[in-house]
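Enquirer: The structure follows.
The values are calculated or read from the model by the stated rules, or taken from the named source; none is laboratory data. The structure displayed is predicted, hence computed values, not measured ones. So basically every Cβ, Gly included, is an ideal-geometry build from the backbone, and we count neighbours across all protein chains shown. Only protein heavy atoms, including side chains, enter the accessible area calculation; ligands, DNA and RNA are left aside. Shrake-Rupley method; radii C 1.70, N 1.55, O 1.52, S 1.80 Å.
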Amino acid sequence: MSRSTPMPVTKYRPFHESIRVDLPDRTWPDKRITAPPRWLSTDLRDGNQALIEPMDPARKRTMFDLLVRMGYTEIEVGFPAASQTDFDFVRSIIDSGAIPEDVTISVLTQAREDLIERTVASLEGAHRASVHMYNATAPIFREVVFRNDKAATIELATRGTQHVMDYAEKILGDDTEFGYEYSPEIFIDTELDFALEIIERVMDVWGPEEGREIILNLPATVERITPNVYADQIEWMSRQLSRRRHISLSVHPHNDRGSAVAAAELAVLAGADRVEGCLFGQGERTGNVDLITLGMNLYSQGVDPGIDFSDIDDIRRTVEHCTRMDVHPRHPYGGDLVYTAFSGSHQDAIKKGFDLRRQQVQAAGGDDAAVVWNMPYLPVDPADVGRSYEAVIRVNSQSGKGGVAYLLASSRQLDLPRRLQIEFAREVQAHNETDGGEATAETLWQLFSDEYLPATAENGLTPWGRFALGATQVTSAGDGGDDQLTVTLTDAGVERVLTGAGNGPVAAFVEVLGESGVPVKVLDYAEHALSEGDDASAVAYVECEVGDRVIWGVGIDPSITTASLKAIISAVNRALR
């Protein structure tokens, strides 16, 4: 017999007691997704407003450019009436010509005339734009928050829609292809008959017809139901709506119950034409539905999502930079560890799977795409998203007595970034396979020093590498100007004094190396102190693209700037070794 929880479970009630969906003849369970829905990214609005530190204009532009590069053609770019920052950003991407002709930008507003006017004004000069207006329709908001009855709630929605139309006609020129989206806020908690009524009244004002679409967004603002019930709600609405062929039925699932992806997929089966979400599931509380997981789920089933995920690491790095939040290492498709097997039996199965696939591809004349992907433990080919096969198999312990990363952290205070852990573990594995025996902490340090600290003579190792770093001097220009770097660099035994400029010492040093015939691109960077006090040292870890290789370097020095430059030298020397 199971035990009862000590938690006050009786204060909660099942969802079906407040909202009932009568749909005994539901059809969505028998359907299949054979084409992608329309995607809208709300990273710059819903995702941004949920950040501890919202994006500054530069980060917003970086995120916008990423979304465009990936192929998103509907992007919600802000809440321009809520802040001057959002208004200015919308103006900046319009005025600078940053929006491709086939991309529609969307802006959000509440159903208030002054906010609507400001919102529409932000769009002046845009080629393709839409206003997304919402008002709260759920009973808890009508009765507790706003104290509106149903009639007042409908009046707010219809009057707001008319204001959108009036200001669009007044402010926007004929060159703007203008659209409208309406959301009955917290749709899942709204009585279905009332949600239908208010939507129909809004459509009466907007007048959807051929060439005049309306987007009706049915948000699971707070996810409180299982995905199958949400699908029933969507199918019920899709059946009941008049003027259905002039409607793009949109869903906006949040992830409070952890099932937003399933909710979105079942909603598409139930008739949704469009899905709103964020990259890696950013958003309020537990986040919006993850557009990457949705898109890659389709891809793994042979359905083209219409979005380019071929460099998932670049996407992840950009999102982490813009949001200043880390993507979980276990996050589907994009996490550091999702193509990594720790278990020996898993490693063996994957290895055998790759061996068989190589034979199948060879038999198909070398055409990889002609062979159906069928691999133990790997739902998609890591190479399709820019991951390397080498990253699939990883050593995670030494004979069960502690991992490589743990031993280096405990004995040398080195906190290696995850991808560096993967890279170095391969070196350790190669050493163990050649020399056998157990790799102690001291052996690991010697291997690490020889591999990543090539200029050191630690433990009697022989220094190696084309480049060695000498004296450095950094002059800061101030007022936003470039830093000037003067560096003594030994190149193949010849000492040279070189200068470079950039928006920091690292950028300036990259320029110096480029002028020396070695193009380098810094992809990732981490640093931390190794000790405290007057003789404190710091360590820098840098992931670099050197030619066609992506490789890590490590530098240790009392100066963090010098440690960073040494780390770049380490990566370059390793790439050229």
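Enquirer: Looking only at residues that are open to solvent by 80 Å² or more (accessible area, probe 1.4 Å) and of a type in the set (Val, Ile, Thr) in region 1-13, which one is farthest from Leu67 (Cα to Cα)?
Expert: Per the criteria, the residue is Thr10.
Enquirer: Still on this model: Looking at region 14-58, which of its residues are buried (at least 16 other Cβ atoms within 10 Å of the Cβ), within 22 Å of the chain's Cα centre (by Cα) and part of a helix (DSSP H, G or I)?
Expert: Asp43, Leu44, Arg45, Asp46, Gly47, Asn48, Gln49, listed by residue number.
Enquirer: Further question on the same structure: Please work out which residue is nearest to the chain's Cα centre (by Cα), limiting yourself to region 108-121 and to residues that are buried (at least 20 other Cβ atoms within 10 Å of the Cβ) and not hydrophobic (A, V, I, L, M, F, W, C).
Expert: Thr109
Enquirer: Give all pairs with beta carbons closer than 9 Å in which a residue from region 411-430 that is open to solvent by 50 Å² or more (accessible area, probe 1.4 Å) meets a residue that is at pLDDT 90 or above and of a type in the set (Ser, Thr, Tyr); count only pairs at least 6 apart in sequence or on separate chains.
Expert: Asp415/Tyr541
Enquirer: State yes or no: is Ile105 within 29 Å of the chain's Cα centre (by Cα) and free of Cβ contacts under 8 Å to residues at least 40 places away in the same chain?
Expert: yes
Enquirer: Is it the case that region 245-254 has a residue that's open to solvent by 30 Å² or more (accessible area, probe 1.4 Å), out of contact with any strand residue (DSSP E or B) (no Cβ under 6 Å at 6 or more places or on another chain) and not in a helix (DSSP H, G or I)?
Expert: Among the residues of region 245-254, not one is open to solvent by 30 Å² or more (accessible area, probe 1.4 Å), out of contact with any strand residue (DSSP E or B) (no Cβ under 6 Å at 6 or more places or on another chain) and not in a helix (DSSP H, G or I), which makes the answer no.
Enquirer: Please specify each residue of region 362-385 satisfying the condition of being closer than 23 Å to Thr340 by Cα, over 27 Å from the mean Cα position of the chain (by Cα) and open to solvent by less than 50 Å² (accessible area, probe 1.4 Å).
Expert: Hit for region 362-385 is Val371, nothing else.
Enquirer: Can you name the condition, by its number, that Ala272 falls short on among (1) at pLDDT 95 or above; (2) farther than 17 Å from Ala35 by Cβ; (3) touching a strand residue (DSSP E or B) at 6+ places or on another chain (Cβ under 7 Å); (4) crowded, with 23+ Cβ neighbours inside 10 Å?
Expert: Exception for Ala272: condition (2).
Enquirer: Thr443 passes all but one of (1) part of a helix (DSSP H, G or I); (2) over 22 Å from Ala468 (Cα atoms); (3) in contact with a His (Cβ under 9 Å, 6 or more places away or on another chain); (4) at pLDDT 85 or above; which number fails?
Expert: (4)
Enquirer: List pairs: first in region 507-519 and at positive phi, second surrounded by 15 or more Cβ atoms within 10 Å (Cβ to Cβ) and not in a helix (DSSP H, G or I), Cβ under 7 Å, 6+ apart or cross-chain?
Expert: Qualifying pairs under 7 Å: none.
Enquirer: Mind checking which residues of region 142-187 are in contact with a Phe, Trp or Tyr (Cβ under 7 Å, 6 or more places away or on another chain), β-branched (Val, Ile, Thr) and modelled with pLDDT of 95 or more?
Expert: Thr161, Val164
Enquirer: Can you spot a residue in region 74-90 that is among the β-branched types (Val, Ile, Thr), more than 30 Å from Val385 (Cα to Cα), touching a strand residue (DSSP E or B) at 6+ places or on another chain (Cβ under 7 Å) and not in a loop (DSSP other than H, G, I, E, B)?
Expert: Yes, that holds for at least one residue.
Enquirer: Just checking, which of Pro36, Pro24, Pro57 is touching a Gly at 6+ places or on another chain (Cβ under 9 Å), over 11 Å from Cys278 (Cβ atoms) and not β-branched (Val, Ile, Thr)?
Expert: So the residue among Pro36, Pro24, Pro57 that is touching a Gly at 6+ places or on another chain (Cβ under 9 Å), over 11 Å from Cys278 (Cβ atoms) and not β-branched (Val, Ile, Thr) is Pro36.
Enquirer: Might you let me know whether region 424-440 holds any residue that is closer than 29 Å to Ala508 by Cα, at pLDDT 70 or above and within 32 Å of the chain's Cα centre (by Cα)?
Expert: yes
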